[in-house]
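Asks: My structure is below; once you've seen it, I'll send some questions.
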Amino acid sequence: MRNLSSLRFSAIALTLILAFPVASRADATNGSRTLITGVINENDLVTLSGNTRPEAIAANDRGAVSDDLVLENMQLQLRRPAEREQALEAYIASLQKPGSANYHQWLTAAQYGQQYGLNKSDLTKISAWLQSHGFKVNVVYASGMVIDFTGTAGMVRQAFHTEIHNLKVAGEMHVANMSDPRIPAALAPAVVGVAQLNNFKPNTNFVSKSNYTVDENGVTYYLVVPADLATIYNLNPLFAAGTTGKGQTIVVVEDANMFRQDWVSFRSIFGLGSYTSGNLVLVHPASSGTNNCFNPGINGDSAEASIDAEYASSAAPDATIEMATCQDTFTFGGLIAVENILNASSQPPAIISMSYGICEVTGGAALNAQFNSAFQQAVTEGVSVFVSAGDAAAAGCGRGEPTTTTGIGITGWGETPYNVAVGGTDFGDSYLNENSTYWSSTNGATYGSALSYIPEIPWNDSCASDLISSFLGYATPWSFCHTGLGAEFYNNVGGSGGPSACATGAPSQRGVVSGTCQGYAKPSWQQGFGVVNDGVRDIPDVSLFAANGVWGHYYPFCDSEFAPCTAPPVDWPGAGGTSFSSPILAGMQALVNQVNGSRQGNPNVVFYQLAANEYGSTGNASCNSTLGNAAASNCVFYDITLGDMDVDCIGTVDCYVPSGTVGVLSTSDSSYEPAYASGSGWDMATGLGSVNAYNLVNQWSTAAPRASGDK
């Protein structure tokens, strides 16, 4: 740990800086109004609500940490003036509007900070305030919206008026603040809060292959390998035409490294090695100040890194996969990597995929705000951001519970208005008794066996699944959940979706959407047939196969820590999760960028326009996914209409319990309103549906025509 004794400043000198009020004015550097105009009085405090982990309770408390405990690389998220926020939103809209003078006129990080960051006066005063409490300011990011700083628990207690304690949660030790931070009221107009004052790690969004009793009755597994993806989602004609991602870079952000040989073995065994431009680059992106990105090495999240890199390469085999990894400090390493990439002096790569998340309620208002701000900056730089929607169905705040108790909740990172939230599907051939229609009885040279596009259903492993319960002969999902066999399906595992409900504000009930919680407003581009008129951002946007075996389909991946990566892949580790679907869709975006010759910014603007073209105002029956290989050949999206992602629950929060103690997640406690069912057009189970990659690439320009000077 670093010695902070040299970081302390003269209190007398800093008092002169902090106590001198500055009149409200526009700073000459960027025109942004000064927000900190009053005396910084340490006795006049405001609370930064919604920034205490739900685990920070007396039952878990194991006492305060030492005052000398160093908290590395905390991130202070800042707030721009309201009029600059409005101007930024207008600029972002104009970036995606063909015919606008700003169409695809992407900014650099420096330009972004100059036009939309806090002014230098406010940044200087906030930095000086941190330093007055002994903190070391490592970097003020070029965006003018985040300050990275390091200090001790004692400094945090003094400056932010909250204690850092040891917690024991589910047998594991953590540290976290025990109350919401407080800061001088004069700073509040410019400060959102510290993204994390705890060391809880985010969830990786993959789930290992599970075994169920029904598997023992002769279910055949169909491993989904790159050759299958190329057949099912119609990548093969693109590859044949040379649209392979050549010249494109996809960043996968991680807090762990992977073994390079695993990536090589994966590509070799699955026939991707013939795409000779494909490359894996490992970077630890440094900040412009004191470096805050340290090599994380191989650790418990290395399987996630392997999945992201291998499956991004599956969809864009000639692309460069840039694995950007930073060690977790008191900030998630992936967030540090994102900030460093977006704030570099050079133009960032055009595509980022991230497969981690924490539910909106749990992560806290400041952490949610920092991801929102980072992805907002990304789209101004022309970066397309893909984030896995999660693996806990609509019960994202109850991840890992066998029967959820916290009601409806979604990821707090993938639901911003500036990223594509990628959901998960399963294949419906087993439910429809059509395995032989869609799978060959033998594998090809690269282990592919899929014969065509396959009907899809929402990914759902729970006893509350309408399809699982009906397939096994039960009249209702809850009647199945009340059986011994149903108990083996107690889980909240499935493709995730739902409304943004606690992006800001603070819950009054631990882990539950409540209190002053509010979701992000619905973006102007999120409209069309099936989109709910609820006023908030809803996810997912697009879904791809992500199941972990309940209907006999899952992904193999190469991670030599689990098993040797030798052929055939049947003994490799298997899993599902939106950790697969997000990098795959990011790979498809690389093909779009290659054909169009430019970066595209927020792809959702085009996705929803293409869906409007396809679905119109009544839907398009010819693109119904259940048709499988009989679906129309010109569909961009396969509309998934069969099944739901409903999971089992107990308690009284969003839980319909008509009998017994175990019920089903529902938007009504008194009637069966499954959360959530698929349906025609967009729905919260699968978004716009899955994609035909060939049509996506070749119809892209019909929704996003290039303007002169596009770059």
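Asks: Would you mind computing, in nm to one decimal, how far apart the modelled labels at Ser94 and Thr276 are, each placed 7 Å from Cα along Cα→Cβ?
Replies: 4.7 nm
Asks: Right, another one. What number do you get for segment 138-218 when its Cα radius of gyration is normalised by 2.2 N^0.38 Å, N = residues?
Replies: 1.71
Asks: Once Lys and Arg get +1 and Asp and Glu get -1 on their Cβ, which of Ala190, Val70, Gly247 lies farthest toward the positive end of the dipole of the chain?
Replies: It is Ala190, whose Cα lies furthest towards the positive end.
Asks: Shape of segment 296-449 from its Cα gyration tensor (a ≥ b ≥ c, root eigenvalues): rounded if a/c is under 1.5, otherwise prolate when a/b > b/c, or oblate?
Replies: Since a/c reaches 1.5 but b/c is at least a/b, the shape of segment 296-449 is classed as oblate.
Asks: Would any residue of segment 509-540 have its amide N under 20 Å from a label point 7 Å out along Cα→Cβ of Ala621? List them or say none.
Replies: Zone members listed by number: 529-530.
Asks: As an exercise, take the mean of 1/r over every pair of distinct alpha carbons in segment 5-199, invert it, and state the Kirkwood radius in angstroms.
Replies: Hydrodynamic radius (Kirkwood, Cα only) of segment 5-199 equals 18.2 Å.
Asks: Let me know the charge dipole size of segment 55-170 about its Cα centre in debye, to the nearest 20, where only the beta-carbon of Lys, Arg (+1) and Asp, Glu (-1) is charged. Let's see the in-between values first.
Replies: On the way: 10 positive and 11 negative charges, 60 e Å.
My answer is approximately 280 debye.
Asks: Which ³J(HN,Hα) values in Hz, rounded to whole numbers, follow from the phi angles of segment 229-240 under the Karplus curve 6.51 cos²θ - 1.76 cosθ + 1.60, where θ = phi - 60° and Gly and Pro get x?
Replies: 4, 5, 6, 5, 9, 6, 7, 4, x, 5, 4, 5
Asks: Also, I was wondering about something else. With +1 on each Lys and Arg Cβ and -1 on each Asp and Glu Cβ, and nothing else charged, work out how big the dipole of the chain is about its Cα centre, in Debye to the nearest 20.
Replies: Numbers: 28 positive and 58 negative charges, 485 e Å.
Roughly 2320 debye, rounded to the nearest 20.
Asks: Using +1 at the Cβ of each Lys and Arg and -1 at the Cβ of each Asp and Glu in segment 544-649, identify which of Thr578, Gly616, Ala547 lies farthest towards the dipole's positive end.
Replies: Gly616
Asks: Enumerate the lysines that Lys136 could reach by cross-link, defined here as Cα to Cα under 19 Å, with residues fewer than 8 away along the same chain left out.
Replies: Cross-link targets: Lys120, Lys125.
Asks: Let me ask something else. Suppose R0 equals 22 Å. What FRET efficiency, 1/(1 + (r/R0)^6) with r the Cβ-Cβ distance, do Arg260 and Thr566 give to the nearest 0.05?
Replies: Efficiency, from the Cβ-Cβ distance: 0.85.
Asks: Only Lys, Arg, Asp and Glu count, each charged at its Cβ (+1, +1, -1, -1), so figure out the dipole size of segment 5-199 about its Cα centre, rounded to 20 debye.
Replies: Details: 15 positive and 16 negative charges, 88 e Å.
Computed charge dipole of segment 5-199: roughly 420 debye.
Asks: Ok, one more. Please compute the Kirkwood hydrodynamic radius of segment 170-306 from all pairs of different C-alpha atoms, in Å with one decimal.
Replies: Radius from the Kirkwood sum: 20.3 Å.
Asks: Also: Over all distinct alpha-carbon pairs, what is the Kirkwood Rh of segment 552-595 in angstrom?
Replies: 12.1 Å
Asks: List residues of segment 29-65, by number, whose backbone nitrogen lies under 19 Å from a label position 7 Å along Cα→C-beta of Ala170.
Replies: 52-62
Asks: So for each of 399-408, 523-532 I average, over its residues, the number of other beta carbons within 10 Å; can you give me the resulting order with the highest mean first?
Replies: So the peptides 399-408, 523-532, ranked by packing, come out 399-408, 523-532.
Asks: While we're here: Tell me, what ³J(HN,Hα) does each residue in segment 343-349 have, in order and in whole Hz, if you take phi through Karplus 6.51 cos²θ - 1.76 cosθ + 1.60 with θ = phi - 60° and put x for Gly and Pro?
Replies: 9, 6, 6, 8, 5, x, x
Asks: Here's a follow-up. Could you work out the Rg to Rh ratio of the chain, with Rh taken as the Kirkwood radius (inverse of the mean 1/r over all Cα pairs)?
Replies: Rg/Rh for the chain comes to 0.97.
Asks: Would you list which lysines come within 16 Å of Lys97, measuring only between C-alpha atoms, while excluding same-chain residues fewer than 8 positions from it?
Replies: Lys711
Asks: I would also like to ask the following. For Val281, which sequence-distant residues (separation of 5 or more, or a different chain) have an amide H within less than 5 Å of its own amide H, given hydrogens modelled in the peptide plane?
Replies: Ile321, Glu322, Met323
Asks: Oh, and also: At 222 nm, what helix-only mean residue ellipticity would the chain give, in deg cm²/dmol to the nearest 500, using -39500 (n - 2.57) for each DSSP H run of four or more?
Replies: Helix contribution divided over all residues of the chain: -7000 deg cm²/dmol.
Asks: Using only alpha carbon pairs under 8 Å that are at least six residues apart, calculate the relative contact order of segment 537-653 and give it in whole percent. Don't skip to the end; give the middle numbers.
Replies: Values: 87 pairs, mean separation 18.0, N = 117.
Relative contact order here is 15 percent.
Asks: Could you compute how fast segment 105-161 diffuses translationally, taking Rh as the Kirkwood radius over C-alpha pairs and applying Stokes-Einstein at 37 °C with viscosity 0.692 mPa s? Give it in µm² per second.
Replies: 268 µm²/s
Asks: When ranked by the protection proxy of mean other Cβ atoms within 10 Å per residue, highest first, what sequence do the peptides 101-109, 583-591, 369-377 form?
Replies: Descending mean neighbour count gives 583-591, 369-377, 101-109.
Asks: FRET efficiency for Asn295 and Thr220, Cβ-Cβ distance as r, R0 = 45 Å, nearest 0.05? Don't skip to the end; give the middle numbers.
Replies: Working: r = 43 Å, r/R0 = 0.95.
So, using R0 = 45 Å, E works out to roughly 0.60.
Asks: Still on this structure: Report the normalised scattering of segment 223-277 as log10 I(q)/I(0) at q = 0.15, 0.16, 0.28, 0.30 Å⁻¹, calculated by the Debye formula with identical scatterers on the alpha carbons.
Replies: Summing over Cα pairs of segment 223-277 leads to -0.55, -0.63, -1.26, -1.25.
Asks: Looking only at Cα atoms, what is the convex hull volume of segment 383-485 per residue, in Å³?
Replies: 164 Å³
Asks: Here's something else I'd like to know. Over what distance in Å are the Cα centres of segment 472-535 and segment 170-187 separated?
Replies: The distance from the Cα centre of segment 472-535 to that of segment 170-187 comes to 28 Å.
Asks: Next question, about the same structure. Work out the FRET efficiency for Ser671 and Thr483 from their Cβ-Cβ distance, taking R0 = 30 Å, and round it to the nearest 0.05.
Replies: E(calc), rounded to 0.05, equals 0.85.
Asks: Given a cut-off of 19 Å, what percent of all Cα-Cα pairs of segment 534-625 lie beyond it?
Replies: Cα-Cα pairs of segment 534-625 separated by over 19 Å account for 61 percent.
Asks: Once you keep just the Cα pairs under 8 angstrom separated by 6 or more residues, what percentage relative contact order results for the chain?
Replies: After rounding, I find 15 percent.
Asks: For a quick check: with amide H placed at 1.01 Å from N, whose amide H comes under 5 Å from Ala395's, ignoring anything fewer than 5 positions away on the same chain?
Replies: Gly409
Asks: Just subtract the alpha-carbon distance of Ser441 and Ser701 from 0.36 nm times their residue separation and send over the number in nm, one decimal.
Replies: 89.7 nm
Asks: Want the number for Asn236 to Thr661: 0.36 nm per residue separation, take away the alpha-carbon distance, what's left?
Replies: Stretched fully, the Asn236-Thr661 segment lengthens by 148.1 nm.
Asks: Here's a follow-up. Roughly what angle does helix 365-380 make with the longest principal axis of the chain, taking Cα atoms, 0 to 90 degrees, to the nearest 10?
Replies: 70 degrees
Asks: What is the distance, in nm, between label points placed 7 Å from the Cα along the Cα-to-Cβ direction at Ser208 and at Ala87?
Replies: 5.3 nm
Asks: Aspartates and glutamates within cross-link reach of Lys168: Cα-Cα under 17 Å, excluding same-chain residues under 8 positions apart?
Replies: Straight-distance partners of Lys168: Glu55, Asp61.
Asks: So, one more: What are the residues whose amide H is under 5 Å from the amide H of Gly498, where those residues sit 5 or more places off or on another chain and H is modelled from the backbone?
Replies: So Gly498 has HN proximity to Ile539.
Coordinate-derived values only; no laboratory data. Quick caveat, the model's predicted, so the values are computed rather than measured. Cβ coordinates were reconstructed from backbone atoms using ideal geometry, including for glycine residues, and neighbour counts include every protein chain displayed.
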